[in-house]
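Below you'll find the structure, written out as structure tokens, and then a few comments.
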Amino acid sequence: MEEMLFYDRMQFAFTITFHYLFPQLTMGLSLIIVYFKWKYLKTQDEQYNHATHFWMKIFALNFAMGVVTGIPMEFQFGTNWAKFSELTGGIIGQTLAMEGMFSFFLESSFLGLFLFGEKLLGHKWHFVTGLLIMIGSWASGFLIIATHSWMQNPVGYEILENGKFVLNNFQALFLNPWLWPSYLHNQAASLVTSSFVVAGIGAFYILSKKNVSFGKLFLKTGVIFGLISSIIVAVPTGDLAAKNVVKYQPVTFAAMEGIFHTEKKGSEIVLIGQPDVKDKKLDNKIAVPNILSFLTYGNWDQEIQGLDQFEEDLHPTNISGLYYAYHIMVGLGTVFIGLMVISLFQLIRGKLFETKWLLWSLMFMMPFPYIANTTGWYTAELGRQPWLVYNLMRTAAGASPTVSSGNTLFTLLGFIGLYLLLGMLFLLLVGKIINKGPHHVELSTEKI
Amino acid sequence: MEFFWYVVLMGILAVYLVLDGYDFGAGIIHLFFADTEKDKKAITNAIGPFWDANEVWLIAAGGVLFFAFPTLYASSFSGFYLPLIMILWLLIFRAIGLEMRGQIHNHMWEAIWDKAFGIASLLLALFFGIALGNIVRGVNLGMVQNGVSTQEAHYFFLPLWNPTFSPQANELGIIDWFTLFLGVVSVVALTIHGANWIIYKTNSALNPKLKNLVFRLNFVLLVLVFISLGIWHFIEPKPFHNFVENPILWFFPLMTFVGIAGLFKVRSFKKDGHGFIFSTLFLVGGFASTAVSIFPNVLPSTNKVNPSLTIYNTAAHEYGLNAGLSWFFIALFLVIIYFIIQYRVFSGKMDDIGYGEH
């Protein structure tokens, strides 16, 4: 049982980590693509249309990867987490079914039109199809976060005698106080990823002296979108999301911040340190007194509960993993804001395109929003452990009762093999598109 | 309410069968009958802008199953664990086959992805038939041994096969001669269906050849259908009891036979789309007849200890099912609009509008 649970968790963690690399780009990128097309409609400058086509191509590839790696997510609820599905399916099935019906049909119907229908549709309708795809992908994110939020902070339910969760308030699923801050935080974070990718490829073109005019356009667009989104990720959305954790999952918050012992007169904020779970202390810490209390409650002396205030049984299962995930996310988020502020400053001074070190930094920063997004997702998920449905259902109680560990190990290995192949193919093709450059993308003759 | 959602679920599955069915069929044709580069291109053009959206119907069916019949979803997905994960891998493999092929122009590269697409399509058609066979045959719910359940009443797990290969063994497996037979029926039916789609959507040189193929395969299909009616008795002692009680249900088997009969005229249809209509009638009729024959069961139990899973004992709670209505009709309305737009823009022969030309 232990072993099976371990493989089940590894499989879900692995498949969702890989899956989320793609939608986090496409959700944000769809907005940037719509922006390019809109600029084209306004200015009639061909460069914007070329930019639209180029990013559409990257979008399409990412979207396809997102779809094929997304189907296993829905399946796994039933295959690996049958008990969880049986007991909560009447509730979370609701939002998941809505995702299929509202988002996937919208996206898949219009993607073909968006990719191949420019000549058939004309530019205005082409813009509209792009907008519809964006709405579809943002709705998809919304319904997934709604499902996730119910697991973090269950609402609108009652539990029957046979242990089944049944819905008794449909609206509550969407009025969940956990939902909106998480959703906006998530969407802003996905915009950060796509902005950094757009800016990074722009920097690459300028540095390699290929497609320089596109490089400048991408860089400028990426920096402006990047600065706005990386600020929104922190304030207000990140701040509100953290306050939700304090309110609804105080023990998680204590572990995230690495607070082992409650400090009566205000809590310090830990910038760096390694949690020592056994001896309940932080090694090598650098901390600033009282800041955490202020950030959390707006009051310098407010007490924040440490892990010692909660029964060990309720502590998050992986305290150090949670602590690191959270700190990596916050640390990287701070770096993003800093880098984008400097970039915008140079852009305004008209020196961004010549500042070599900044261009190199922007180019090499491309993978880091992916890391920040992934660790952010880990923060939420590890924070909820050992619960599947917070405070109501343990993870161990959700696994499929009849599937043996051998089978879950077998399928885990299968997924690893298949996804390694997918990942390599993806990188190969994306590299090819980037290397060819925006001038060579001719959509009306492209094949799916 | 359960009945409503059951009809919705079956409706979505039937649409999925018809739409992704022609994708699978096109893949099988691609594997066995496309010799020239031009033929291959005609086939992939015929499904190019559609297959992605077709697959969404499967996800939609999964979603509706999950929320309306969570117990059925949980027990069947964990019970059919191995084949379902393999179906997933095949779906992924087929999709990357289609996506990757055109990306690099190299003979070997194209050959590899052609095979990936074709073989995955063939196996998927086979697996879906096997899946249907498993659902009709039923499973050992509760994993009963010697009259005692070792699991909760609705849980089970099936290995891929058992040593006896029999649908009546005590220890059932996914693949036995009965389910394999239905798999073969599915492959033949979907090959015909895919060929009809290609005839409908292209002007390729392959079309006359495909018409002959449909005509010949239709004989095979007719024979297979009669045999399957014969062997049904092994699984269900009174296979027609629902039809006897409600004669109106004979509509579905009738539809199946109208479909098969019509397909014999494939070489003389005035319009290329007619063949596709008849194979659709066959598929929908056949699928509905099968579902109706076990109704209200959705997964029969092969032991006497635990009751079969029905739409009533697996459904979600009344409130949730009612709440689902509030969004379902809006969604369905939108889906129909998208569908009409998509098929209008890409109407006509795909090679006429130059889609996918390099």
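Checked against the criterion of being of a type in the set (A, V, I, L, M, F, W, C), touching a helix residue (DSSP H, G or I) at 6+ places or on another chain (Cβ under 7 Å) and surrounded by fewer than 18 Cβ atoms within 10 Å (Cβ to Cβ), the candidates B:PHE219, B:PHE178, B:PHE165, B:PHE128 yield just one match: B:PHE165.
When you check B:TRP197 against the structure, is it over 27 Å from B:THR310 (Cα atoms) and within 14 Å of another protein chain (Cβ to nearest Cβ), yes or no? In short, no. When A:THR193, A:THR147 are screened for being part of a helix (DSSP H, G or I) and in contact with a Pro (Cβ under 7 Å, 6 or more places away or on another chain), only A:THR193 passes.
Out of B:PHE67, B:PHE77, B:PHE50, B:PHE33, one residue alone is crowded, with 23+ Cβ neighbours inside 10 Å, touching a helix residue (DSSP H, G or I) at 6+ places or on another chain (Cβ under 8 Å) and closer than 22 Å to B:ILE119 by Cβ. It is B:PHE50.
Scanning the range A:167-183 for residues that are in contact with a helix residue (DSSP H, G or I) (Cβ under 7 Å, 6 or more places away or on another chain) and surrounded by fewer than 19 Cβ atoms within 10 Å (Cβ to Cβ) yields A:ASN168, A:PHE170, A:PHE174, A:PRO177. Meeting the requirement of 3 or more residues that are out of contact with any Pro (no Cβ under 8 Å at 6 or more places or on another chain), at the interface with another protein chain (Cβ under 8 Å from one of its Cβ atoms) and of a type in the set (A, V, I, L, M), the helices (runs of 4 or more DSSP H) wholly within the range B:35-83 are B:51-68.
In the range A:114-127, the qualifying residues are those that are in a helix (DSSP H, G or I) and over 14 Å from A:MET56 (Cα atoms), and the one that is nearest to the other protein chains (Cβ to nearest Cβ) is A:LEU120. Among the residues of the range A:207-225, those that are of a type in the set (Lys, Arg) and touching a residue at least 24 places away in the same chain (Cβ under 8 Å) comprise A:LYS210, A:LYS216, A:LYS220. Filtering the range A:41-58 down to residues that are among the polar types (S, T, N, Q) and surrounded by fewer than 24 Cβ atoms within 10 Å (Cβ to Cβ), which residue is nearest to the other protein chains (Cβ to nearest Cβ)? Among them, the one singled out is A:ASN49.
Residues B:LYS238, B:LYS271: which one is part of a loop (DSSP other than H, G, I, E, B) and farther than 29 Å from B:ASN303 by Cβ? One residue alone meets the criteria, B:LYS271. For the range A:380-399, the set of residues classified as away from every other protein chain (no Cβ under 12 Å) and of a type in the set (Gly, Ala, Ser) consists of A:ALA380, A:GLY383, A:ALA396, A:ALA397, listed by residue number. Can you spot a residue in the range A:352-373 that is under 30 Å from B:PRO83 (Cα atoms), in contact (Cβ under 8 Å) with a residue 60 or more places away in the chain and among the hydroxyl-bearing types (Ser, Thr, Tyr)? So far as the range A:352-373 goes, no, none of its residues is under 30 Å from B:PRO83 (Cα atoms), in contact (Cβ under 8 Å) with a residue 60 or more places away in the chain and among the hydroxyl-bearing types (Ser, Thr, Tyr). Picking from residues in the range A:59-93 that are more than 8 Å from every other protein chain (Cβ to nearest Cβ) and of a type in the set (S, T, N, Q), the one that is nearest to A:ARG9 (Cα to Cα) is A:GLN76. When B:ARG94 is tested against the conditions (1) touching a helix residue (DSSP H, G or I) at 6+ places or on another chain (Cβ under 8 Å); (2) facing chain A (nearest Cβ under 7 Å), the lone failure is (2).
The set of residues in the range A:197-215 being over 22 Å from A:SER229 (Cβ atoms) and among the aromatic types (Phe, Trp, Tyr) is empty. From the set of residues in the range B:319-345 that are within 8 Å of chain A (Cβ to nearest Cβ) and either in contact with a Lys or Arg (Cβ under 6 Å, 6 or more places away or on another chain) or of a type in the set (Ser, Thr, Tyr) (or both), which is farthest from A:ALA172 (Cα to Cα)? Looking at the filtered set, the residue picked out is B:TYR338. Put simply, of B:PHE295, B:PHE333, B:PHE282 the only residue that is out of contact with any His (no Cβ under 7 Å at 6 or more places or on another chain), of a type in the set (Phe, Trp, Tyr) and more than 28 Å from B:PHE243 (Cα to Cα) is B:PHE333. Taking each residue of the range A:119-142 that is over 28 Å from B:ILE59 (Cα atoms) and looking for partners that are part of a helix (DSSP H, G or I) and among the hydrophobic types (A, V, I, L, M, F, W, C) with beta-carbon atoms closer than 7 Å, six or more apart or interchain, yields A:LEU120/B:VAL345; A:LEU121/A:LEU113; A:HIS123/A:LEU41; A:LYS124/A:LEU41. Note on the range A:2-113: enclosed helices (runs of 4 or more DSSP H) holding 3 or more residues that are under 17 Å from the mean Cα position of the chain (by Cα) and within 28 Å of B:GLY320 (Cβ to Cβ) are A:2-20, A:46-79.
Assess whether B:THR290 counts as being away from chain A (no Cβ under 14 Å), modelled with pLDDT of 90 or more, closer than 27 Å to B:VAL139 by Cα and not in a loop (DSSP other than H, G, I, E, B). Yes: the conditions hold for B:THR290. When A:THR296 is tested against the conditions (1) surrounded by fewer than 19 Cβ atoms within 10 Å (Cβ to Cβ); (2) in a helix (DSSP H, G or I), the lone failure is (1). Residue under question is B:GLY21, and the condition is that it be under 28 Å from B:TRP161 (Cα atoms) and in a helix (DSSP H, G or I); does it hold? Yes; evaluated as a whole, the condition is true for this residue. Inside the range A:400-420, residues that are more than 23 Å from the chain's Cα centre (by Cα) and at the interface with chain B (Cβ under 9 Å from one of its Cβ atoms) make up a count of 10.
The values are calculated or read from the model by the stated rules, or taken from the named source; none is laboratory data. Since we're looking at a predicted model, the values are computed, not measured. Quick reminder, even Gly has a Cβ in these numbers, built from the backbone with ideal geometry, and neighbours come from all protein chains shown.
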